[in-house]
Amino acid sequence: MEEFLTVAKIVKPQGIRGEIKVISMTDSVEDLTEFTKVYIGGNPYKVLNVRPCGGDCAIVALGGVCDRNAAELLRGYNLEAKRDDAPPLPDGRFYIADVIGCMAITEGGAEVGKVVSITPARTDIYDVEKADGTHLTFPAAEGVIENIDVEGGVITLNKKRLSEVGLESK
């Protein structure tokens with residue numbers, strides 16, 4: 001399992017005091033308030049303040065980032081946190097980092113491919129690379145994912161529902 005989890009993406013500087021605007025990659029933007037330390041490019045930063053600012057965005061103040069110029073240098077980076085510092089997950093919930101790399105199969109056992117990315121959204125978007133190199137993209141809409149077994153490295157998909165919402169591409 002990954003030691004670090006991506007919890008947000010830095011969008012831009014906010015104001016002149018070194019704050020940054022981030023898009024949360026957690027279930028709730030309020031989850032970001034739980035962290036006291038984050039990492040950017042492998043460097044630790046103390047979290048001074050987190051203010052949700054609508055939707056999945058927040059304004060974050062970090063120790064050592066004292067002006068707009070310093071904040072501008074962080075644009076585009078991810079905010080990461082140590083797994084041990086993350087809030088506990090409710091039953092049936094998983095970190096994206098733990099699902100990436102899992103083998104996707106249908107309920108009948110047919111191999112679909114390997115999960116290569118998950119884009120966080122109201123309904124997460126999964127990208128599965130098939131054996132022939134093509135990709136299958138699908139939302140985690142109701143009924144598509146039947147089971148996720150992180151320890152076994154397998155997610156089970158409903159074949160019928162997947163055919164309704166999945167999109168194949170090269």
Fill in the blank from the handout: Leu48 passes all but one of the listed conditions (1) over 25 Å from Thr119 (Cα atoms); (2) exposed (fewer than 13 other Cβ atoms within 10 Å of the Cβ); the exception is number (2)
Exercise for the section: Give the residue, chosen from Asn69, Asn78, that is assigned by TED's automatic domain parsing to the domain that holds Ser24, crowded, with 17+ Cβ neighbours inside 10 Å and among the polar types (S, T, N, Q). Expected result: Asn78
Practice task
For Gly76, work out the one condition from (1) part of a loop (DSSP other than H, G, I, E, B); (2) of a type outside the set (Val, Ile, Thr); (3) more than 16 Å from the chain's Cα centre (by Cα) it doesn't fulfil.
Solution key: (3)
Completion exercise
Exactly one of Val115, Val128 is surrounded by 15 or more Cβ atoms within 10 Å (Cβ to Cβ), out of contact with any Gly (no Cβ under 6 Å at 6 or more places or on another chain) and under 30 Å from Val22 (Cβ atoms), and that residue is Val115
Handout entry: Residue match in the range 42-57 (condition: within 16 Å of Gln14 (Cα to Cα), assigned to a loop (DSSP other than H, G, I, E, B), touching a helix residue (DSSP H, G or I) at 6+ places or on another chain (Cβ under 8 Å) and of a type in the set (A, V, I, L, M))
Key = no
Practice task
Would you check which residues across the range 89-109 are among the aliphatic types (A, V, I, L, M) and modelled with pLDDT under 95 and list them?
Solution key: Leu89, Ile96, Ala97, Val99, Ile100
Fill in the blank from the handout: Counting only residues that are outside any helix (DSSP H, G or I) and of a type in the set (Ser, Thr, Tyr), the range 154-170 contains a total of 2
Handout entry: In the range 113-153, the residues that are charged (D, E, K, R) and not in a loop (DSSP other than H, G, I, E, B)
Key = Lys114, Asp127, Glu129, Glu146, Asp149
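Okay, residues lined up against (1) surrounded by fewer than 17 Cβ atoms within 10 Å (Cβ to Cβ); (2) farther than 12 Å from Ala61 by Cβ:
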| position | (1), (2) |
| --- | --- |
| Leu5 | no, yes |
| Ile10 | no, yes |
| Gln14 | no, no |
| Lys21 | no, no |
| Thr26 | no, yes |
| Val29 | no, yes |
| Glu34 | yes, yes |
| Val38 | no, no |
| Gly41 | yes, yes |
Practice task
Tell me the strands (runs of 3 or more DSSP E) entirely within the range 1-41 that contain at least 2 residues that are under 15 Å from Pro120 (Cα atoms) and in contact (Cβ under 8 Å) with a residue 12 or more places away in the chain.
Solution key: 4-14, 19-24
Handout entry: Unmet requirement for Cys66, which otherwise passes all of (1) in contact with a Lys or Arg (Cβ under 8 Å, 6 or more places away or on another chain); (2) touching a residue at least 40 places away in the same chain (Cβ under 8 Å); (3) over 30 Å from Gln14 (Cβ atoms)
Key = (3)
Fill in the blank from the handout: Out of (1) among the polar types (S, T, N, Q); (2) modelled with pLDDT of 95 or more; (3) within 21 Å of Ile118 (Cβ to Cβ), the one Asn69 does not meet is (3)
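The values are calculated or read from the model by the stated rules, or taken from the named source; none is laboratory data. No experiment lies behind these values; they were computed from the predicted model shown. Here Cβ is always computed from backbone atoms with ideal geometry, including for glycine, and neighbour counts include all displayed protein chains.
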